[in-house]
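*Asks:* One structure is given below, represented as structure tokens, and several questions about it will come after.
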Amino acid sequence: MNEKMSKKIKIGIWIDSILAEKLRSLINQKYENYERGLLSYEIEMALRHWISLHTNAQKTLEAKKPNPTPKASLVFAQVKEYLLSHWYYELRPGQQIPKSHLEKAIMAIRGSDPRTIRKWLRIFHKMGLVKPVTSATWEIM
């Protein structure tokens, strides 16, 4: 059966709990967000690599990319990193921050054009990442 045409099946395996925790930790570090399907994807890639090391299948087992993380989430993660490095020790859900801090972080990451800043604030709000509390204060979701 052609590799690209094959369907996915569920298999049950038992692995060491410490190894499983290390794998989940690696996925968290690699992708910033632990999303559905990433564990399966990483295990599948590890198995493909192992098979290619033990056979001559290197050319037939092409790596597929996982579903991409939405761009807004990636940009918001960069904005949060900027906020953490400049003003905050932590940013937890429900925490309120000045809109000016959010705007300065967007300026540093995406550009200082007022339209760009408004666009990203609107996208973050639409995606449920932040919400306005007052005209000068926003809440991290």
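The values are calculated or read from the model by the stated rules, or taken from the named source; none is laboratory data. Just so it is clear, the structure is predicted and the values come from calculations on it, not from any experiment. Note that we place each Cβ from the backbone using ideal geometry, even for glycine, and neighbour counts take in every protein chain shown.
*Asks:* If you take the residues of the range 1-22 that are surrounded by 10 or more Cβ atoms within 10 Å (Cβ to Cβ) and at pLDDT 85 or above, which of them is nearest to residue 40 (Cα to Cα)? Walk me through it before giving the result.
*Replies:* The initial filter retains those residues of the range 1-22 that are surrounded by 10 or more Cβ atoms within 10 Å (Cβ to Cβ), namely 3, 20-22.
From what is left, the residues that are at pLDDT 85 or above are 20-22.
Details: 20: 12, 21: 14, 22: 15 Å.
Going through the qualifying residues, I end up with 20.
*Asks:* Can you confirm whether the range 6-20 contains a residue that is within 30 Å of residue 75 (Cα to Cα) and part of a helix (DSSP H, G or I)?
*Replies:* Taking every residue of the range 6-20 in turn, at least one turns out to be within 30 Å of residue 75 (Cα to Cα) and part of a helix (DSSP H, G or I).
For every residue, the table says whether it meets (1) part of a helix (DSSP H, G or I); (2) within 30 Å of residue 42 (Cα to Cα); (3) of a type in the set (Lys, Arg).
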residue	(1), (2), (3)
82	yes, yes, no
89	no, no, no
103	yes, no, no
108	yes, no, no
139	no, no, no
